[in-house]
Structures are given as structure tokens and as C-alpha cells.
Amino acid sequence: MHFTVSDLVLDIVQNAAEAQSRVVTVILEESDTQFRFIVQDDGKGMTAEELQRALDPFHTDGIKHPHRKVGLGLPFLVQTAEQCGGGWDITSKKGQGTKVTAWFSLEHVDTPPLGDIPGLIRMILLLPGPQELVVQRTLNRARRQASYEVRKTELQDVLGDLEEAGSQVLLDQYLHSLEEEE
Ligand SMILES: Nc1ncnc2c1ncn2[C@@H]1O[C@H](COP(=O)(O)OP(=O)(O)OP(=O)(O)O)[C@@H](O)[C@H]1O
Ligand SMILES: [Mg+2]
């Protein structure tokens, strides 16, 4: 089974986008020793009981997405973070929204590769549902630093429909340039 931390992040952002949210904010922070992400939404939220059920691995049936290479969802995130010298925190209020935080030690042998961060951000921006998707990225490694923010509505103003092939090429180039600049 090969998966990346980016796959986990996308799954959590997908949950947020599916929760009738208007605004979803994603923070991706990376240092030499740790990767941390936060996904905050203003969607339907969960009661304590609903959250408990969502965290229960026996409620993930694997039927909804038989083509998936890994069983994802909240239980998988929790399990992976705990196995990788990291941790997690989830808070949710019914009718108000949800905040999922998870971190991974980049020095732990079991931590999967981070994957393609510009590719992850592109997929986040293309998720249907929320009016606004905000991604805040901070890369603070000894050899490389970057700090930038992208917003779906601002990119739509410049590029038009993000789904179009032409827009996708430009978006991809733009996201790579942000990640690679000093
Ligand atoms: N951000 C969120 N806001 C509200 N409810 C959520 C959120 N994240 C998860 N949930 C609830 O937890 C349930 C379980 O989430 P999980 O990602 O494990 O499975 P799923 O989204 O139902 O299915 P899949 O991820 O396989 O498409 C969801 O169906 C939803 O009811
Ligand atoms: Mg899900």
C-alpha cells in the first residue's frame, strides 16, 4: 500500500467540502522535523456522538469506495498520525463547523512521503461545494523557505473557470512557482 500524507489531507478537506461549508481553510505547515495541517470548515458540524461514530474504525465499511487504494476517513488519519510520531485534535460543533488538526514527525520511519504539495493544493481548489477555499502554506526548512496563501475566488477572477484545461495548466505552473520561490 502506497499513500502519501497529501492523500490524507485531501480526504479530510473533501469531508469539509461535503459538509455544506461556505468557507474551508486549509493550513499546511512544514519544518525540518514536522508536518502539520489544519482543516477548518463552517459546515454542518457534528455532535459529540456523531464525532465519536466518525472516529470509530468499525463504521468505515469500505463499500462506498471499493476502488480506493486505502481506507481513508478520520479513523485512518488518527491511526496514521499516532503511528508516525504525531498526533491529532478534532473539534466540532453541530451547525457551526469542524476543525481537524493532525501532525506527523518527519523523522519517524513510518511517516509516509508528503507527496506533491502543489498537486494537493490544486485538487483542494477544484473541490466542488464551498464558495471559498483558502490554502495557507508555510515551508520553514533550513534549506528552503516559502510562505504563501491562495484563494479560490481570487484565482477564479484571474483564470476564469478553474476546471478548464487552459486554466489548469496555468494554475499548476503558478502553484509550483509559489512552492519553489524563496
Ligand atoms: N468536516 C466534517 N463536517 C461534518 N461532518 C463530518 C466532517 N468530517 C466527517 N464528517 C462525518 O463523519 C462521517 C465519516 O467521515 P469519513 O470521511 O470517515 O467517511 P465518509 O466521508 O462518509 O466517506 P468517504 O470518506 O469514504 O467518502 C461523514 O459521513 C460525516 O458524517
Ligand atoms: Mg470522507
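Here are some residues: L55, L8. Which one is closer than 16 Å to F104 by Cβ and either more than 7 Å from ligand 1 (Cβ to nearest atom) or touching a strand residue (DSSP E or B) at 6+ places or on another chain (Cβ under 8 Å) (or both)?
Details: L55 fails: closer than 16 Å to F104 by Cβ.
The unique qualifying residue is L8.
Which pairs do you get when a residue that is farther than 17 Å from V13 by Cβ and at pLDDT 95 or above, found in region 72-83, comes within reach of a residue that is acidic (D, E) and more than 10 Å from ligand 1 (Cβ to nearest atom), reach meaning Cβ atoms under 6 angstrom, with the pair 6+ apart or on two chains?
Note: pairs meeting the criteria are Q83/D110.
Restrict the check to region 92-106 and report whether at least one residue is at pLDDT below 95, more than 24 Å from A54 (Cα to Cα) and either of a type in the set (F, W, Y) or assigned to a loop (DSSP other than H, G, I, E, B) (or both).
Start the filter on region 92-106 by keeping residues that are at pLDDT below 95, which leaves none.
Within region 92-106, none of the residues are at pLDDT below 95, more than 24 Å from A54 (Cα to Cα) and either of a type in the set (F, W, Y) or assigned to a loop (DSSP other than H, G, I, E, B) (or both).
Within region 145-172, can you find the residues that are loosely packed, with under 13 Cβ neighbours inside 10 Å and of a type in the set (K, R)? Can you show your working first?
Taking region 145-172 as the starting set, the residues that turn out to be loosely packed, with under 13 Cβ neighbours inside 10 Å are 145, 147, 153-154, 157-158, 160-161, 163-166, 169.
Listed by number, the list is empty, since nothing qualifies.
Determine whether T138 is of a type in the set (S, T, Y), assigned to a loop (DSSP other than H, G, I, E, B) and in contact (Cβ under 8 Å) with a residue 24 or more places away in the chain.
Working: of a type in the set (S, T, Y): yes; assigned to a loop (DSSP other than H, G, I, E, B): no; in contact (Cβ under 8 Å) with a residue 24 or more places away in the chain: yes.
When the stated conditions are applied, T138 does not pass them.
Which condition number does D41 fail, the rest of (1) open to solvent by 40 Å² or more (accessible area, probe 1.4 Å); (2) in contact with a helix residue (DSSP H, G or I) (Cβ under 6 Å, 6 or more places away or on another chain) being met?
So the condition that D41 fails would be (1).
Determine, yes or no, whether Q156 is modelled with pLDDT of 95 or more and under 30 Å from E50 (Cβ atoms).
Values: modelled with pLDDT of 95 or more: yes; under 30 Å from E50 (Cβ atoms): no.
In short, no.
Sort out which residues of region 15-60 are in a loop (DSSP other than H, G, I, E, B) and within 16 Å of ligand 2 (Cβ to nearest atom), and write them in order of number.
Within region 15-60, the first condition is being in a loop (DSSP other than H, G, I, E, B), and the residues that meet it are 18-22, 32-33, 42-47, 56, 60.
Listed by number, the residues that qualify are E18, A19, Q20, S21, G43, K44, G45, M46, D56, T60.
Identify, by number, the condition in (1) open to solvent by less than 20 Å² (accessible area, probe 1.4 Å); (2) more than 9 Å from ligand 1 (Cβ to nearest atom); (3) touching a Lys or Arg at 6+ places or on another chain (Cβ under 6 Å) that D32 doesn't meet.
Unmet condition: (1).
The values are calculated or read from the model by the stated rules, or taken from the named source; none is laboratory data. In this text, all values refer to a predicted model and were calculated from it rather than measured experimentally. Every residue, glycine as well, gets a Cβ built from its backbone with ideal geometry; the counts of neighbours run over all protein chains shown. Just so you know, the surface numbers come from the protein's heavy atoms only, side chains and all, with ligands and any DNA or RNA stripped out. Shrake-Rupley method; radii C 1.70, N 1.55, O 1.52, S 1.80 Å.
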